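One structure is given below, encoded as structure tokens.
The values are calculated or read from the model by the stated rules, or taken from the named source; none is laboratory data. Computed from a predicted structure; not experimentally measured. Don't worry about glycine lacking a Cβ; one is built from the backbone with ideal geometry, like all the others, and counts go over all protein chains shown. Heads up: the accessible areas ignore ligands, DNA and RNA and are worked out on the full protein's heavy atoms, side chains in. Shrake-Rupley method; radii C 1.70, N 1.55, O 1.52, S 1.80 Å.
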Amino acid sequence: MASLKVDEDLKGWLVGCDKDIGGFSEANLEITKNGTGRFFGQLSLDLPENESVEKSGYAGCRTKTKESSIFGTPVWDTCLFEYLQLKVKGDNRKYFVNLQTDGVVPTDLYQHRLFLKTPGEWETVLIPFKDFILTNQGFVQEEQIEIYRERVKNVGVSIIDRTSGPFELEIESISAVNTGPDPNAHEGHDD
């Protein structure tokens, strides 16, 4: 689904943080010498002087939505797959995995916590597509609508753990699978 192996791949990704609305967090995405993506930066909970901003301290990266053509907007159909698989190496921070679909409300986002069992080491995390929760602008929606799996527009990760300081998550791959090839893979929930 998403590749982060060579510098050219960065053109297919977007990075954002609260600095975009006047906050003080920093976020970056780069390719490491080992051919993996490195999402890193510094979260700041300091509020800008802009009185309309009530919360600060978030960062995220995601694939760009493909440009539309006369045939519509290219999307991923994940219906034939049970899991979203991530091969990642992270720190002790709290990350979320985000999926955006071609649904009715353009600001809807499906999220799932990215539970890491071995911070600082590579691990394969399997998240059942059925476990993603519908959110909108950071709030869990009371009425949960099943994810529109035939029309996934983009995939990404975010950090919003309300803690100032550095963060770093390396991403080797993100893919849709039925079973993990790694016998050490774990389902993406807290045991």
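Here are the numbers for this structure:
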{"item": "Accessible surface of the chain, 1.4 Å probe, proportion on carbon and sulfur as whole %", "result": "50 percent"}
{"item": "Neighbour count of at most 11 Cβ within 10 Å plus DSSP loop: longest GluC sites (Glu not before Pro)-free window in the chain", "result": "68-120"}
{"item": "Computed E for GLU150/THR32 - FRET, C-beta separation, R0 30 angstrom, nearest 0.05", "result": "0.35"}
{"item": "Restricting segment 9-102 to chymotrypsin sites (Phe, Trp or Tyr not before Pro) in coil, as DSSP defines it, with at most 15 other Cβ within 10 Å", "result": "PHE71"}
{"item": "From the C-alpha gyration tensor of the chain, square roots of 5λ in Å", "result": "24, 21, 18"}
{"item": "Rg over Rh, two decimals, segment 73-181 (C-alpha only, Kirkwood Rh)", "result": "0.96"}
{"item": "Inverse mean reciprocal Cα-Cα distance (Kirkwood Rh) of segment 137-183, Å", "result": "14.9 Å"}
{"item": "Residues of the chain: accessible area per residue with a 1.4 Å probe, Å²", "result": "56 Å²"}
{"item": "In sequence order, calculated HN-Hα J values of segment 116-121 (Karplus, 6.51, -1.76, 1.60; Hz; x Gly/Pro)", "result": "10, 8, 9, x, x, 10"}
{"item": "Considering only the chain, percent of DSSP beta bridges that pair antiparallel, nearest 5", "result": "95 percent"}
{"item": "Long-range Cα-Cα pairs in segment 1-69 (distance over 19 Å), rounded percent", "result": "44 percent"}
